[in-house]
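The values are calculated or read from the model by the stated rules, or taken from the named source; none is laboratory data. Keep in mind the model is a prediction, meaning the values are calculated, not measured. Neighbour counts are summed over all protein chains in view; Cβ atoms, including those assigned to glycine, are modelled from backbone coordinates with ideal geometry. Only protein heavy atoms, including side chains, enter the accessible area calculation; ligands, DNA and RNA are left aside. Shrake-Rupley method; radii C 1.70, N 1.55, O 1.52, S 1.80 Å.
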Amino acid sequence: MKIRHLRREVGMKRGITSGIVISVVMVSLLAACAKPALPAPVETPEELLDRVSSIASVKYDQVMAGSEKPGEYVQRKVWVKGNKMRAEATYVGQTVVIIVDRDAQVAYFYNPSEDVTTKVDLHTQGATLMITTMSATEWAKSILSEPTELVVVGSETVDRKACLVVESKEGKTKAWFWKEYGLPIRMEFLGALI
């Protein structure tokens, strides 16, 4: 009887030990599958600039509306990786594909409806072309690179994203930057951009 009792105890100890090992393995697997911790939200233009400067690639949808022709707007799907950008822009039913290579300082504009591609040297670009070829990360860097020219207006939530709202001292630019990544969620420009 003592031998049977000892075998039961040994079997129970093995079962408990196996259960603990399996639990530890499961917790380790769950921890490995968990999403990485999000960066802490930022509160200054300098911190936003650090965040947006660390982005290696991003994909986003963009809508640009002007006050000159109410109801007309440009819709863009944009992909950025390093110094390269691809955008598909639609304006008044016309689609244009824009490929930008900042390293080569060149942009290609492809009009699929006419099957025409135009190559443009970015060294000689005008202000309108500059606006067309800038990505959200470049907009953020251009606005945030002069923090002494900015005033932090406050914090707001836009599209469920906590944003830091900044305005230029002259009051011509107002932008909502996503605190987690430094990307502009909304931008308003008063007066002409160029």
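Filter the stretch 143-173 down to residues that are among the β-branched types (V, I, T) and either free of Cβ contacts under 8 Å to residues at least 40 places away in the same chain or surrounded by fewer than 21 Cβ atoms within 10 Å (Cβ to Cβ) (or both) and give me whichever is nearest to R76 (Cα to Cα). Working first, answer last.
Initially, the stretch 143-173 is screened for residues among the β-branched types (V, I, T), giving 143, 148, 151-153, 157-158, 165-166, 173.
Right, trim to either free of Cβ contacts under 8 Å to residues at least 40 places away in the same chain or surrounded by fewer than 21 Cβ atoms within 10 Å (Cβ to Cβ) (or both) and you get 148, 151-153, 157-158, 165, 173.
Values: T148: 31, V151: 29, V152: 28, V153: 28, T157: 23, V158: 19, V165: 23, T173: 21 Å.
Across the stretch 143-173, the extreme among qualifying residues is V158.
When only residues in the stretch 174-190 that are open to solvent by 30 Å² or more (accessible area, probe 1.4 Å) and assigned to a strand (DSSP E or B) count, which is nearest to K59 (Cα to Cα)? Give the derivation first.
Taking the stretch 174-190 first, the residues open to solvent by 30 Å² or more (accessible area, probe 1.4 Å) are 174, 178, 180-181, 185-190.
The next check asks that each one be assigned to a strand (DSSP E or B); those that pass are 174, 178, 185-189.
Numbers: K174: 23, W178: 15, I185: 13, R186: 16, M187: 18, E188: 21, F189: 23 Å.
Restricting to residues being open to solvent by 30 Å² or more (accessible area, probe 1.4 Å) and assigned to a strand (DSSP E or B), the top hit is I185.
Kindly evaluate K35 against the criterion of being open to solvent by 100 Å² or more (accessible area, probe 1.4 Å) and at pLDDT 90 or above. Outline the logic, then answer.
Numbers: open to solvent by 100 Å² or more (accessible area, probe 1.4 Å): yes; at pLDDT 90 or above: no.
Criteria not met by K35.
Hey, can you tell me all the residues within the stretch 165-190 that are within 16 Å of R51 (Cα to Cα) and under 15 Å from the mean Cα position of the chain (by Cα)? Steps first, please.
Filtering the stretch 165-190 down to residues within 16 Å of R51 (Cα to Cα) leaves 165-166, 175-185.
Listed by number, the residues that qualify are A175, W176, F177, W178, K179, E180, Y181, G182, L183, P184, I185.
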Q: Just need a number here: residues in the stretch 136-164 that are of a type outside the set (D, E, K, R), part of a strand (DSSP E or B) and within 20 Å of the chain's Cα centre (by Cα).
A: 6
Q. Just one of the numbered conditions (1) open to solvent by less than 70 Å² (accessible area, probe 1.4 Å); (2) modelled with pLDDT of 90 or more is not true of T137; which one?
A. (2)
Q | The one condition in (1) open to solvent by less than 50 Å² (accessible area, probe 1.4 Å); (2) farther than 23 Å from F189 by Cβ; (3) assigned to a loop (DSSP other than H, G, I, E, B) that V97 fails to fulfil | A | (3)
